[in-house]
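Colleague: The structure that follows is given in the form of structure tokens.
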Amino acid sequence: MDAFLHWRTEASTRSLSTQLAAAATVIRDGSELKLPALEIVPGDLVVVNSGDFFPADGVIVAGKDLQAEESTLTGESLPVNKQMAQLQVTDPDMLAVDDDSWGFAGAQLLTGRALLRIVYTGKETLYGEIVTSAVQTSQAITPLQKAIARLVLFLIAIATLICIILASVRYYQGFGFVNAILSAATLAVAALPDEFPVVFTFFLGVGVYRLARKKALVRRAVSVENIGRVTCICSDKTGTITEGRLQLVQLVPSEGIDKKTLLNFATIASRKNSGDPVDFAIHHHAEGEYKFTIPETLAVFPFTEKRKRETAIVVQSTNEYLITTKGAPETILTLSNLTDSERAIWIEHIKDLAGKGCKIIACAYLLLTSSSIPDLEPEANYQFAGLLSFNDPPRKEVYAAVQACRQSNIRILMITGDHPETARAIASQIGLGGNYPSVITASDAEAALQQHGYQSLQTIDVIARAIPSQKLMFVQALQAMGNIVAVTGDGVNDVPALKAADIGIAMGGRGTQSAREVAAIVLLDDNFGSIVNAIAEGRQLFKNLKLSFKYLLMIHIPFVFSAAIIPLLGYPLLYYPIHIVWIELIIHPTCMLVFQDLPTHQKLKSEKQQAKIQFFYQRDWWGVIAVGVYTTLLVILSYIWILKIGGGVEYARGLALALLGVTSAALVVGLSGFRTVVSRIIAIATLASSVLFLQIPILANFLDLHTLSIQDWVIILLSGVLTFGLTKI
């Protein structure tokens, strides 16, 4: 099951290379040609229209009013303004181009029309670097898989050695070759630990189902147990911690203007279908609060990087026209007829709002009579209307999830491509770092890693301005420190880190196809709080699996050692193959059904997680050994004692099998706490089968057994009570 899911994820990773623009319009020899994107070469001139994706990395050589959506590549939550390149000669052999003049493969042009001179294609693009990182990163075997492998190999070695010794001793004792082989084969069936990998796989399947019911789709089964040991969550900000969309959260009107009027001015200066998220947020807010009727528009001066504002002229009345403008606060303040003291007050307002991680725009207006309508956009004498504050708010459930992780000793590290102050504001709102987060840029964090080693990441809460390769580096650094790292993300820029993480968690709603396909777990409801539920489920799975393995060892020790020691001492075989089948029919349903159904605690408890997993600690081993040794001695001594007093092999064998059956039932009660319906059914069915096969003469004779007396059953049940007590060690 896991092999298939892993293969499917690998195939999905390779499909990243196909998730670019399929075709592009290229200008060659003065003509526009529609060509497959794969045929584009460096030097080509490509036409990119509004809504198109850049087919490769290149320099923008023409275009105006350009905005690009790069969040899936860089993690930036806001559109990026683009402009025609201004080449700078910084070296005789090198030309420098500003970042805002580059178009990147995989990014989408939101507004305007650009001409792109192709510089890099294929794996040399930023997108190509992400794909290369994802393909080169492999999924490691989980610590639990390694622990089970070590346990199973150890038990196989012991079982094989005992079988060889038993066959040799039986043959030496004169029982013959057939008896020796039968003794070894019977012991092998009982001793070989086939249940362990089967139970592990079964439990993972149950965990996949239980997580699916909690809106978490598991793409790699072993992730169910791995997530329970997470010690660090590296989370993207945009679309993961935040909602991934701009919202108008505050209106700050100037004196004499109310909020409704300010919003009306901003709505007039915003085009509804411009593709600009700010315009969309303004119209969305206006439609929710008020039903504005936009007057007849006479002229629109769209936003440009040079002007940093957008202006609209509308009909106010018969002899009056309204001009509204919105844009960068410093630009609008310059256009407004404010006094120096008034301007200083508004600048302080802007700083306060910006410090909260908000995007701020200002709005102003101008009333003119028909005789003075300008042919060009007015450049002065505006009345300042106020400020509009936007943010990408945190998801409602994130704060509670962060607190639950902190209380459970799970560290959360935000790694984002956003501005440090924006990231700091969001981190404070969700309680990261105890409301006083430690923020550092990715370049500074990388330098600290090189100078001071992995420990430099210990006190950091937020890493800002991170590119995909840096995010991957930080994840690997945390793993090198001994952390079990979960990475959450939704963009193409998160793919390398998602795949390299011990647990990659993608958002199923907003997340890109690339992120969903590479991640080990996909949150179907995009609920950050579901991560807490998944961790709790993973921890409970490990506890349940541990109880199941504990049961297997406790019941197998007397089963295997009695099957080996009795023949080695020269006595008749304790178990025939049919008896082995009977006991196995008790063991298999018990280990698979009783413990997987134990309930999950909804709240995470404070637990110290360890990367190097140990299935059993010293106290666990003492409990296993105590029950195993006690039951082994009880079975062997009772069998020999019955033979010594002349009770016969059938009687002695029946007593031994009854002891094993009652021991199994006692272990179910002791380890499961008798908390589920399944545990009660299995325990009662085990006792009933023992009574049925031993007390009905026809069945007892068929199994070469002898019925037991009331006194025998009383002693057997008392031994079960003592076994129950030993499980509490």
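Colleague: Condition check: closer than 30 Å to residue 297 by Cα and modelled with pLDDT under 85. Does residue 245 satisfy that?
Modeller: Yes; evaluated as a whole, the condition is true for this residue.
Colleague: Modelled with pLDDT of 85 or more, within 17 Å of residue 121 (Cα to Cα) and outside any loop (DSSP other than H, G, I, E, B): which single residue out of 41, 47 fits that description?
Modeller: 47
Colleague: Pull up the range 61-87, narrow it to residues that are among the hydrophobic types (A, V, I, L, M, F, W, C) and part of a strand (DSSP E or B), then point me to the one that is modelled with the lowest pLDDT.
Modeller: 80
Colleague: I need every pair where a residue in the range 674-694 that is more than 11 Å from residue 661 (Cα to Cα) has its Cβ under 7 Å from the Cβ of a residue that is of a type in the set (D, E, K, R) and surrounded by 14 or more Cβ atoms within 10 Å (Cβ to Cβ), sequence separation at least 6 or different chains.
Modeller: 674/680; 676/597; 678/597
Colleague: Oh, and also: In this structure, is residue 416 out of contact with any strand residue (DSSP E or B) (no Cβ under 7 Å at 6 or more places or on another chain), of a type outside the set (Gly, Ala, Ser) and buried (at least 22 other Cβ atoms within 10 Å of the Cβ)?
Modeller: no
Colleague: Taking the range 242-285 on its own, how many of its residues are among the hydroxyl-bearing types (Ser, Thr, Tyr) and closer than 30 Å to residue 414 by Cα?
Modeller: Qualifying residue count for the region: 1.
Colleague: Right, something else. Determine if the range 639-650 includes at least one residue that is within 13 Å of residue 562 (Cβ to Cβ) and not charged (D, E, K, R).
Modeller: Of the residues in the range 639-650, the ones within 13 Å of residue 562 (Cβ to Cβ) are 639-640.
Okay, now just the ones that are also not charged (D, E, K, R), so 639-640.
Among the residues of the range 639-650, at least one is within 13 Å of residue 562 (Cβ to Cβ) and not charged (D, E, K, R), which makes the answer yes.
Colleague: Give the number of residues within the range 336-364 that are within 21 Å of residue 420 (Cα to Cα) and either more than 42 Å from the chain's Cα centre (by Cα) or in a loop (DSSP other than H, G, I, E, B) (or both).
Modeller: Residues in the range 336-364 being within 21 Å of residue 420 (Cα to Cα) and either more than 42 Å from the chain's Cα centre (by Cα) or in a loop (DSSP other than H, G, I, E, B) (or both): 3 in total.
Colleague: Scan the range 219-278 for residues that are out of contact with any strand residue (DSSP E or B) (no Cβ under 7 Å at 6 or more places or on another chain), of a type in the set (Gly, Ala, Ser) and surrounded by fewer than 24 Cβ atoms within 10 Å (Cβ to Cβ) and jot them down.
Modeller: Scanning the range 219-278 gives 221, 244, 256.
Colleague: Another one. Looking at the structure I just gave you, is residue 397 of a type in the set (Asp, Glu) and either buried (at least 21 other Cβ atoms within 10 Å of the Cβ) or over 24 Å from the mean Cα position of the chain (by Cα) (or both)? Explain how you work it out, then say what you get.
Modeller: Numbers: of a type in the set (Asp, Glu): yes; either buried (at least 21 other Cβ atoms within 10 Å of the Cβ) or over 24 Å from the mean Cα position of the chain (by Cα) (or both): no.
Answer is no for this residue.
Colleague: Are any residues in the range 175-212 closer than 28 Å to residue 544 by Cα, not in a helix (DSSP H, G or I) and not acidic (Asp, Glu), and if so, which ones?
Modeller: 192, 193
Colleague: If you take just the helices (runs of 4 or more DSSP H) that sit entirely in the range 625-724, which of them hold at least 2 residues that are over 53 Å from the mean Cα position of the chain (by Cα)?
Modeller: 649-672, 697-702
Colleague: Same structure again: For the range 485-539, what are the residues that are surrounded by fewer than 24 Cβ atoms within 10 Å (Cβ to Cβ) and β-branched (Val, Ile, Thr)?
Modeller: Residues satisfying the conditions are 512, 522, 532.
Colleague: While we're here: Go through the range 175-188 and report how many residues are surrounded by fewer than 16 Cβ atoms within 10 Å (Cβ to Cβ) and closer than 23 Å to residue 588 by Cβ.
Modeller: Here the count works out to 1.
Colleague: Is it fair to say residue 575 is assigned by TED's automatic domain parsing to the domain that holds residue 625, outside any helix (DSSP H, G or I) and crowded, with 23+ Cβ neighbours inside 10 Å?
Modeller: yes
Colleague: Looking at 519, 515, 536, 501, can you tell me which residue is touching a Cys at 6+ places or on another chain (Cβ under 8 Å) and on the phi < 0 side of the Ramachandran plot?
Modeller: That would be 501, the only listed residue that is touching a Cys at 6+ places or on another chain (Cβ under 8 Å) and on the phi < 0 side of the Ramachandran plot.
Colleague: So how many residues does the range 142-174 have that are farther than 28 Å from residue 571 by Cβ, among the aliphatic types (A, V, I, L, M) and surrounded by 13 or more Cβ atoms within 10 Å (Cβ to Cβ)?
Modeller: Total satisfying the criteria: 6.
Colleague: So, one more: Could you check, for the range 525-548, whether at least one of its residues is of a type in the set (Ser, Thr, Tyr) and closer than 30 Å to residue 163 by Cβ?
Modeller: yes
Colleague: Can you pull out the strands (runs of 3 or more DSSP E) entirely within the range 245-335 that have at least 1 residues that are outside the structural domain of residue 68 (by TED's automatic domain parsing) and closer than 17 Å to residue 81 by Cα?
Modeller: Working: elements: 247-253, 297-301, 309-317, 320-327.
Passing ranges, in order: 297-301, 309-317, 320-327.
Colleague: Among the listed residues 322, 376, which satisfies the condition of being on the phi < 0 side of the Ramachandran plot and in contact with a Leu (Cβ under 7 Å, 6 or more places away or on another chain)? I'd like the intermediate steps shown before the answer.
Modeller: Working: 376 fails: in contact with a Leu (Cβ under 7 Å, 6 or more places away or on another chain).
The match here is 322.
The values are calculated or read from the model by the stated rules, or taken from the named source; none is laboratory data. Predicted model, so just to flag it, every value in this text is computed and none were measured. Heads up, the Cβs are rebuilt from the backbone with ideal geometry, glycines too, and the neighbour counts pull from every protein chain shown.
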